[in-house]
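Report on the following structure.
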Amino acid sequence: MIKAIFFDVDGTLYYNQQNRVLPSTMAALRKLKEKGYLLFLNTNRTYDEVLPLGSDVLNLLDGMVLLGGSWLKGKDKDIEVPVLDPKESQKAIDYLEEHHLLYRWVHSGGHGYLNCNDDHLVGMFENAYTMHPDIKAYEGEPLAAILWYTLDDEVRDDMRNILTSADHIVMGYPNEIILKGSSKSRGMQKMAESFGLKLDECAAFGDGLNDADMLKEAKIGVAMGNGKDNCKAAADYVTERIENDVLYNACLHYWWIERDFHEN
């Protein structure tokens, strides 16, 4: 029996082309909450980057799995906070500074900063998350994650050799460094355990490359029709595209919610 549902954000819960959560998605979340399901985000975003989702969404959540599965945040407290190796982290930051590379660092308190005010990078954050990241030079704070920007494979190899105790994720121009062994499936499992649940009591929605493991490990995995092929292959059910009210319809399909008599 499903008791908890985990949602990726971008391309799943959040319709990026319109920078909003669709009304049908909000209706599904409210109905799921009324039915007693536990609701969680499971995203690569930092805590700062989920705040633009708004209080209507955030107040319905029982917790968040952030930074690709490495940061677990309950409704009232942090459950598990990642910290990268401090010596390796400092060497990595020194390397990025020496090579004049742009990066965003996230300290162990959860706040993220860009190392400098770059118009293109700030625009990327505004377009993706409708938020303007703070600008601050790194000053030795404990790090939860580093997101840095390059297409140079040689530089990527250098960073892997510097930060050997972390996982390195290439996402195109952005490159992310998070706690070793982190994944959305691991984050989902840890969060479920903190609520006394097993994975066979969890469902998950996603669309991205890094959502496949979460969909495969959940009892029921739902892939968005706009999702990547590996994500769809890992899912138990594939919907249409996000703009077609599919999250709501998938919840109807599994009888997690019921259609009101006045709805079309």
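FYI, it's all coordinate maths here, none of it is from the lab. Small disclaimer: the values here were computed from a predicted structure and weren't measured. Here the Cβ is made from the backbone with ideal geometry for all residues, glycine too, and neighbour counts use every protein chain on show.
For GLU49, the shell of other residues with beta-carbons less than 14 Å away shows a net charge of -3, using +1 for Lys and Arg and -1 for Asp and Glu. Over the chain, the reciprocal of the mean inverse Cα-Cα separation, the Kirkwood hydrodynamic radius, stands at 18.9 Å. Residues considered: LEU60, LEU101, LEU114. Largest GNM mean-square fluctuation over the chain, using C-alpha springs under 10 Å, is found at LEU101. Considering only Cα-Cα distances, which of the following residue pairs are longer than 26 Å: LYS77/LYS190; LYS3/LYS184; LYS91/LYS180; LYS91/LYS190? Over 26 Å apart, Cα to Cα: LYS91/LYS190. Exposure proxy for VAL246, VAL83: other Cβ atoms within 10 Å of each Cβ, ordered fewest to most, give VAL83, VAL246. Nearest 10 degrees is fine. How inclined is helix 86-98 to the longest principal axis of the chain, computing both from alpha carbons? Once rounded, the angle reads 70 degrees. Full extension of the segment from ASN244 to ASP94, taken as 0.36 nm per residue of separation minus the current Cα-Cα distance, would add 49.4 nm.
Count Lys and Arg as plus one, Asp and Glu as minus one, and take only other residues whose Cβ is under 10 Å from that of LEU215; the net charge is then -3. Taken one residue at a time, the phi angles of segment 219-230 give Karplus couplings (6.51, -1.76, 1.60, θ = phi - 60°) of 4, 10, x, 10, 9, 6, x, 8, x, 6, 4, 5 Hz. Gly and Pro are set to x.
A Förster radius of 25 Å combined with the Cβ-Cβ distance from LYS136 to ASP56 puts the calculated FRET efficiency at roughly 0.25.
Summing Lys and Arg as +1 and Asp and Glu as -1 over all other residues whose Cβ lies under 12 Å from the Cβ of LEU39 gives a net charge of +4.
Cβ-to-Cβ counts within 10 Å put SER182, SER55, SER194, SER70 in ascending order as SER55, SER194, SER182, SER70, the fewest first.
Rounded to the nearest Hz, the phi-derived 3J(HN,Hα) couplings of segment 48-58 under the Karplus curve 6.51 cos²θ - 1.76 cosθ + 1.60 (θ = phi - 60°) are 4, 7, 8, 4, x, 4, x, 5, 4, 7, 4, where x marks glycine and proline.
Relative to the longest principal axis of the Cα atoms of the chain, the long axis of helix 119-129 makes an angle of roughly 20 degrees. Expressed per residue, the C-alpha convex hull volume of segment 86-179 stands at 94 Å³.
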